[in-house]
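> Structure below; questions to follow.
The values are calculated or read from the model by the stated rules, or taken from the named source; none is laboratory data. Not measured: the values here are computed from a predicted model. Note that we place each Cβ from the backbone using ideal geometry, even for glycine, and neighbour counts take in every protein chain shown. SASA here: full protein model, heavy atoms, side chains in, ligands and nucleic acids out. Shrake-Rupley method; radii C 1.70, N 1.55, O 1.52, S 1.80 Å.
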2 protein chains.
Amino acid sequence: MPASPANDPSLRSWIDIQPTDDFPIQNLPFGVMEVPEWGPRLAVAIGGYALDLYECAQLGYFDSIAEDVPELGAALPKVFRRRSLNAFLRLGPAAWRAVRERVSELLRHDNPALRDNELAIRTCLLRQRDVTMLRPVKPTNYVDFYSSLEHATNVGVLFRPDNPLLPNWRHLPIAYHGRANSIVVSGTPVRRPSGQYRPAGQEAPVFGPTQQLDFELESAFIVGQGTQQGSTVPLAEAENHIFGLVLFNDWSARDIQSWEYQPLGPFLGKNFASSVSPWVVTLDALEPFRVAGPAQEPEPLPNLQATGEQHFDIELEVLFQPAGATAAPLVISRTNMRHLYWSMAQQLTHQASNGCPLDTGDIYASGTISGPTPGSLGSLLELTQRGTQPLALPGGVELGFLRDGDTVILRGFAEKNGLRIGLGEVSGTVLPAAD
Amino acid sequence: MPASPANDPSLRSWIDIQPTDDFPIQNLPFGVMEVPEWGPRLAVAIGGYALDLYECAQLGYFDSIAEDVPELGAALPKVFRRRSLNAFLRLGPAAWRAVRERVSELLRHDNPALRDNELAIRTCLLRQRDVTMLRPVKPTNYVDFYSSLEHATNVGVLFRPDNPLLPNWRHLPIAYHGRANSIVVSGTPVRRPSGQYRPAGQEAPVFGPTQQLDFELESAFIVGQGTQQGSTVPLAEAENHIFGLVLFNDWSARDIQSWEYQPLGPFLGKNFASSVSPWVVTLDALEPFRVAGPAQEPEPLPNLQATGEQHFDIELEVLFQPAGATAAPLVISRTNMRHLYWSMAQQLTHQASNGCPLDTGDIYASGTISGPTPGSLGSLLELTQRGTQPLALPGGVELGFLRDGDTVILRGFAEKNGLRIGLGEVSGTVLPAAD
């Protein structure tokens, strides 16, 4: 597919953008905001602002789309006033692209249409700090993959020292179904879950607040258009079903998880909450950051054999702010999405290979992304060797697992030739367990 | 809670009911039907008929509810015209009970209101064979438990002969998340999935149609009212969240499942399709069939300690009809839901114990229900020892795993003192794999 004109690196906006901003005019990610007294609105992020797509439509700024494709023009204002992106996503890739490209035109430094209309700007352009972002989609299905070779190996060593990487791992992207309705948007506090676990050295389990609360650094893709039950998706077409990417924190209670997970996989150790970033960065915007993935050995079976560059070069960071701290959050891990062994396209093709239907708004997370070095691990489980080697942080903080009041922030961005396309961030603070 | 007057065993209907009917006047299960040209309608089953609740409401037959509770009266007609029970379920237990009791009154042999109104009968009462039943709920979450001790042990022996029942099993109701959007209603054909599996004795996996397609005999409960994220449900209150029961066939591709399931549990071996029966039998209607569950040893932790009778005495049958057969389906297994080790209340309390939110319409399946005898096993995996000991059926059929064209029917009913409360049936026929 030809690159979108909205990706042109020479574009500049009449809105002031700093070089370290995640949301320059070449990004234009989509989200859902709650505007006081107006209700939910679909929005596009630009610099520190959110552009209200519904108000833009009301003011006629999408009339050119309506002239080209009347049905789309008729559909847009309605979907721009929903509580999730789902209805917009159902309109399909041509609609997503048309809207992103029109927004790009409106924000170009040399286009006076919105730039010089002060009243319209006051209506359409809100500071991000003045709005509340909502969960961007209403997911029907949430699946968590396990696609980082380094993470799977690290965890395998901790839980199955004699058998760290299972024989199936290099043949297919291992995954499990998670809980779609406990996914929350960045900024939502996460209550420490209680559950059943077996303290080390004891025979009998106990029930109580988890003692091993962890984060997991993940990316996730969001399905734009789904599939019918019984149909499959060839690898070459997989990305057509992907709308965009978010950051994903798959909070985990390691003690609950390790006691319950055999033989049917993680359940209560995971499903109390997962957090997503609010702005969905389109696959279109990430086009300049494609890279080849790691060599796959043995070669996958034909339906999963990759051709071309289907991985993405996206820097990822974990920041940590201890309970009560006033200093800025501290980076405790840095890695890159390109380390993933299985691409998003391979994950999607595998998911659909048995005829299982995909739905608009589905969230498919990568699994924890760990890199090859000690400073590039995506969970405290790995960073602290299951809590036995706490991280020594400034201020005398010894971080084993998460304490009440601790805040975890995940950030991600792609950067090349002076162009930075950021995923924004997903943050969450731990609340004490309920009584 | 006092027994509902709709449960009175002496009630008779003016509609002719045979003693072997699943749906006498004491049952009155809820479902959703598609009526040609009218669209979806909520309905109640009575004998071989389906009572159209929307038309009943239009004709004023629920006006007495509106007089008692005006808001409920206003809500009912709308929810009776939806494609799922969800909106009706959200109205809460008092609403479900009021509607069931009013329907019971309308169908009593001595009530002329509907009985003697021929025109109304023609509008409201349809033969079940003339309507298409839809999936009764739109599930947000589908969870599959693993609560039959016999099944867990039988499967454990096949997959882990040295370690059949894992140490956690008797301490908590093991479960995993399944795929909510591939659940289909009884009668929907199920296409044989393709997938990756490793043929016996080979090192490398292959991709192709499953060679080990199986059924699983399960019951499932449907959540009426959900919970907020972060809140839990004490065992004594768990049943307040359960609307009713259905039969559930958790189709399984054993070769795909056994290759993929470690370490994160079943995924593509299960999520291509599951089938539910169309009529949801309320917990109210099953009240007379409560029994104590099996002794639990060791005693569960306090939050899961059962008090009173929270199991149900429901006979279950698997019927099989080979491809091309004209003879009636043959019973190949008989068991009882009372064999389950963990009750539905324990399952629900466990699910909510970490603050994970429950939603209206959620489906929580029991896991395969096997009894203690060879004729009471709930899957071909167990009945045929993983296909190695095929069942010899009349007509020279050797049944190892399911063949294209085979039909599986699950039935369930409770029976005591001449009263039979049936769950109806869930059936499905295997279609050949896609090209």
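> Shortest first and in nm with one decimal, please list how far the B:GLY201 label point sits from its counterparts in the other copies (point 7 Å along Cα→Cβ).
Once sorted, the set of distances for B:GLY201 reads 5.1 nm.
> Placing unit charges on C-beta atoms (Lys and Arg positive, Asp and Glu negative, everything else neutral), compute the dipole magnitude of chain B about its Cα centre in debye, rounded to 20.
In debye, rounded to 20, chain B gives about 600.
> So how many Å³ per residue does the convex hull of the Cα atoms of region B:5-133 work out to?
For region B:5-133, the hull spanned by Cα atoms encloses 103 Å³ per residue.
> Could you state the angle between the C-alpha long axis of helix B:70-79 and the longest principal axis of the C-alpha atoms of chain B, as a value from 0 to 90 degrees rounded to the nearest 10?
50
> Near A:SER366, within a Cβ-to-Cβ distance under 12 Å, what is the net charge of the other residues, with Lys and Arg +1 and Asp and Glu -1?
-3
> Okay, next question. Using a 1.4 angstrom probe on the protein heavy atoms only, line up A:TRP279, B:TRP14 by accessible area, largest first.
In descending accessible area the options line up as B:TRP14, A:TRP279.
> While we're on this one: Among the DSSP beta bridges whose two residues both lie in the protein assembly as shown, what percent are antiparallel, rounded to the nearest 5?
Around 90 percent of the beta bridges assigned by DSSP in the protein assembly as shown are antiparallel ones.
> Continuing with the same structure: Give the carbon-plus-sulfur fraction of the accessible surface of region B:5-133 in %, rounded to a whole number; probe 1.4 Å, heavy atoms of protein chains only.
Ligands and nucleic acids excluded, carbon and sulfur give 48 percent.
> Run through the other copies and list how far each one's label point is from that of A:ARG129, in nm with one decimal, shortest first; the point sits 7 Å from Cα along Cα-Cβ.
Copy-to-copy label distances for A:ARG129: 7.2 nm.
> Which value, in nm² and rounded to one decimal, describes the direction-averaged projected area of the C-alpha convex hull of region A:142-431?
Seen from a random direction, the Cα hull of region A:142-431 projects 15.5 nm² on average.
> Here is a follow-up. Which FRET efficiency, nearest 0.05, do B:ALA204 and B:LEU165 yield, Cβ-Cβ r, R0 41 Å?
With R0 = 41 Å, the Cβ-Cβ based efficiency is 0.80.
> At A:ARG403 and A:THR326, where each label point lies 7 Å from the Cα along Cα→Cβ, what is the point-to-point distance in nanometres?
So the label points at A:ARG403 and A:THR326 sit 1.8 nm apart.
> Sticking with this one: What fraction of the DSSP beta bridges in region B:146-298 is antiparallel, stated in percent and rounded to the nearest 5?
Bridges in region B:146-298 that DSSP calls antiparallel: roughly 85 percent.
> Report the net charge of residues surrounding A:TYR54, where surrounding means a beta-carbon distance below 11 angstrom and charges are Lys +1, Arg +1, Asp -1, Glu -1.
My count for the surroundings of A:TYR54 gives +2.
> Could I ask something else about it? What is the ratio of the Cα radius of gyration of the protein assembly as shown to 2.2 N^0.38 Å, where N is its residue count, to two decimals?
Normalised Cα radius of gyration, the protein assembly as shown: 0.97.
> Also, I was wondering about something else. Placing unit charges on C-beta atoms (Lys and Arg positive, Asp and Glu negative, everything else neutral), compute the dipole magnitude of region B:5-133 about its Cα centre in debye, rounded to 20.
Using Cβ point charges on Lys, Arg, Asp and Glu, region B:5-133 gives about 420 debye.
> Now for a separate question. Which one, A:PRO266, A:SER64, A:HIS339, is farthest towards the positive end of the dipole of the protein assembly as shown when Lys and Arg carry +1 and Asp and Glu -1 on their Cβ?
A:SER64
> Which residue, B:LYS416, B:LYS270, B:LYS138, tops the fluctuation ranking in a GNM of chain B built on C-alpha contacts under 10 Å?
Judging by the Gaussian network model, the answer is B:LYS416.
> I would also like to ask the following. Using all Cα-Cα distances in region B:170-275, what percent lands in each 10 angstrom bin from 0 up to the longest?
13, 36, 29, 17, 6, 0
> Roughly how much accessible area, to the nearest 100 Å², goes out of reach of solvent when A and B pair up, both sides summed, probe 1.4 Å?
Heavy-atom accessible area buried at this interface is about 5100 Å².
> Something else: Can you list the residues, at least 5 places off or on another chain, whose amide H is less than 5 Å from the amide H of B:VAL184, using H built in the peptide plane?
Result for B:VAL184 returns B:SER274, B:SER275, B:VAL276.
> What net charge do the residues around A:GLU309 carry, taking every other residue with its C-beta under 13 Å from that of A:GLU309, with Lys and Arg at +1 and Asp and Glu at -1?
Combined, the nearby Lys, Arg, Asp and Glu give -1.
> Treating the beta-carbon of each Lys and Arg as +1 and of each Asp and Glu as -1, no other charges, what is the dipole magnitude of the protein assembly as shown about its Cα centre, to the nearest 20 debye?
That gives a dipole near 140 debye.
> Starting from the eigenvalues of the Cα gyration tensor, five times each then square-rooted, give me the equivalent ellipsoid semi-axes of region B:214-329, largest first, whole Å.
30, 22, 16
> OK, next. Would you mind checking the tilt of helix A:93-107 against the longest principal axis of the Cα atoms of chain A, expressed as 0 to 90 degrees and rounded to 10?
On a 0 to 90 degree scale, this one is about 60.
> Which value, in Å² and to the nearest 10, is the accessible area of B:THR140 when all protein chains are kept and the probe is 1.4 Å?
About 40 Å², rounded to the nearest 10.
> How about region A:258-273: which of its residues lose at least 10 Å² of accessible area in the presence of all protein chains relative to their chain isolated, using a 1.4 Å probe?
The answer is A:TRP259, A:GLU260, A:TYR261, A:GLN262, A:PRO263, A:LEU264, A:GLY265, A:PRO266, A:PHE267, A:LEU268, A:ASN271, A:PHE272.
> A follow-up question, please. Express in whole angstrom the spacing between the alpha-carbon centres of region A:154-227 and region A:79-151.
When both Cα centres are located, 30 Å separates them.
> Follow-up. For chain B, set up a Gaussian network in which alpha carbons nearer than 10 Å are linked by springs, and say which option among B:PHE289, B:PHE207, B:PHE413 fluctuates the most.
B:PHE207
> Please name the residues of region A:185-220 whose accessible area, counted over protein heavy atoms with a 1.4 angstrom probe, falls by no less than 50 Å² between the chain alone and the full protein assembly.
Correct list: A:GLN196, A:PHE207.
> Got a sec? What order do A:THR368, A:THR153 fall in by accessible area at 1.4 Å, biggest, i.e. largest, first?
A:THR153, A:THR368
> OK, next. Just the number, please: carbon plus sulfur as a percent of the accessible area of region B:142-431, 1.4 Å probe, no ligands or DNA/RNA counted.
Of the solvent-accessible surface of region B:142-431, carbon and sulfur hold 50 percent.
> Nearest to the axis that maps chain B onto chain A: list the chain B residue whose Cβ wins, with the distance in whole angstrom.
B:GLY265, 1
> So how do B:VAL291, B:VAL32 rank on accessible area, 1.4 Å probe, biggest first, that is with the largest at the start?
These residues rank, largest area first, as B:VAL291, B:VAL32.
> Just to be sure I understand the model, the point goes 7 Å from the Cα along the line to the Cβ. What's the resulting B:ARG12 to B:ILE121 distance in nm?
In this crude label model, B:ARG12 to B:ILE121 measures out at 1.6 nm.
> Still on this structure: Using only the alpha carbons, work out the radius of gyration and Dmax of region B:281-435 in angstrom.
According to the Cα coordinates of region B:281-435, Rg and Dmax are 18.2, 53 Å.
> Continuing with the same structure: Of the residues A:ILE65, A:ILE242, A:ILE314, which exhibits the maximal mean-square fluctuation in a Gaussian network model of chain A defined by a 10 Å Cα contact cut-off?
A:ILE65
> Hey, for A:ALA323 with labels 7 Å out along Cα-Cβ, what do the inter-copy distances come to in nm, ordered shortest first?
Those separations, rounded to one decimal, come out as 6.3 nm.
> Something else about it: Could you give me the ³J(HN,Hα) list for region B:391-408, computed from phi with Karplus coefficients 6.51, -1.76, 1.60 and θ = phi - 60°, whole Hz, x at Gly and Pro?
Each residue of region B:391-408 in turn: 6, 8, 9, x, x, x, 6, 9, 9, x, 10, 6, 9, 4, x, 5, 10, 10 Hz.
> Points 7 angstrom from Cα along the Cβ direction at A:THR307 and A:LYS416: gap in nanometres?
2.1
> Now a separate question. Given a 1.4 angstrom probe, what's the average accessible area per residue across chain B, in square angstrom?
37
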